[in-house]
1. Loop only per DSSP, at most 13 neighbouring Cβ atoms within 10 Å: give me the trypsin sites (Lys or Arg not before Pro) in region 184-270, ordered by residue number.
2. Using the alpha-carbon centroid of each, what span in Å lies between region 26-68 and region 167-233?
3. Name the GluC sites (Glu not before Pro) in region 102-142 that are in a loop by DSSP and that have at most 14 other C-beta atoms within 10 Å, would you?
4. With the dipole of region 9-157 worked out from charges on the C-beta (+1 for Lys and Arg, -1 for Asp and Glu) around the Cα centre, which of 126, 11, 31 lies farthest toward the positive end?
5. Amide H to amide H under 5 Å from residue 96: which residues, 5+ apart in sequence or cross-chain, H placed 1.01 Å off N in plane?
6. Residue 212: which lysines have alpha carbons under 26 Å from its alpha carbon, excluding same-chain residues fewer than 8 sequence positions away?
7. Which GluC sites (Glu not before Pro) from region 13-108 combine a DSSP loop assignment with at most 12 other Cβ atoms within 10 Å?
8. Using the Cα gyration tensor of the chain, with a ≥ b ≥ c the square roots of its eigenvalues, what is the shape: rounded (a/c below 1.5), prolate (a/b larger than b/c) or oblate (neither)?
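Values in this text are rule-based calculations from the coordinates and carry no lab data. All values reported here derive from a predicted model rather than from experimental measurement. Positions of Cβ are generated from backbone atoms using ideal geometry, with glycine treated the same way; all protein chains shown enter the neighbour counts.
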Amino acid sequence: MIRNNSNHIAHTDKPGFLMNVPFSLSCDSPNNIWMEELKPEELVINHDKAISQFMTLYGFLSRHALVYLLPSYPGLQDQTYVANLGIVLPHTPEKTAVIANYYSEPRRGESAVGKKFFELLDFPIQQAPEYFEGEADLKHIRENIYVGAHGIRTSKNALDWFERAFDMKVIPFLMQDKYLYHLDCCIFPFSEEHTGVCTKIATPEALRELEKYTEIIDLSLDDAYSGINNCVVIDKYVLCASDLQDLSPSDKNYNYEKSKVESLNKICASLGIEPVYFNLSEFCKSGALLSCLVMHLNRNNYVVANRSTQPIADHSKVALSV
């Protein structure tokens, strides 16, 4: 049964997102290679700074979209990374929410919290089979076409289940780099027509399939490591994490970050959209970037005809610092 359009976020024409204030954020249980390579003192979260950085991003998104906040639960160290909580399938008439079935052990308690939340919002809900780590591993291209990661955090079995259960095509994308362990590190749909892809780590088969449905923008491996794909689109803006403003030219990451920002600026200029940068340094300690903090509740985030947008301050070449 399709829900009443007037009272369901998935059926409005307003962009809708889910976020979670990082009250429970910690790095107590390192669960990816980025965290494992940091020294213990580098894993300590400054919670005041993390919440301030979060609020800067939340403030921007909430000016342009409806943003729900998922309640925080103690002990769920990665709960703020809601992009892994599940996916709302935009091609289904009822906008089904599929809840994650985590591979990462410290994250398995998040699914029950997410399920309760989506029940309150009156979403039809299904639980994914082992293993599936949310929209961060399953990217919507257009219509019923998706690209899905498998091989690290999400299983090929889960992708096959999505195809059978929801009449959708999932282009399998084999994950082969432990530093790019979710699909949102490798692929970013700028629009329904253009998709950024780190082609160096994609199989020829995946690229051939993707080219049937979207124009591929080739992104370098170094830029992928720096987070050029970990973005979110809202109307004519592309939101990306960057601490370039706070790095000195002598910093080991300076040239990588500078390259990422220059590459994204160039792509956005060619597509007629604007990049906006946010300093999310506290979340980088978890091996996370901007897209990790946002889950789509619908797919009204792209520019559509006659949708008005409010002018904002020009942050296109300056990272927001906290």
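1. Details: sites: 200, 208, 212, 236, 252, 258, 260, 266; in loops: 212, 236, 252.
Those that pass, being in a loop and sparsely packed, are 212, 252.
2. Value for the Cα centre distance between the two parts: 24 Å.
3. Details: sites: 110, 119, 130, 133, 135; in loops: 130, 133.
Sites meeting the loop and neighbour criteria: 130.
4. Going by the Cα projections, it comes out as 11.
5. Residues meeting the criterion, in which the H sits 1.01 Å from N, are 89.
6. 95, 139, 156, 169, 200, 236, 266
7. On the way: sites: 36, 37, 41, 42, 94; in loops: 37, 94.
Listed in order of number, the matching sites are 37.
8. Values: a/c = 1.23, a/b = 1.16, b/c = 1.05.
Cα axes put the chain in the rounded bin.
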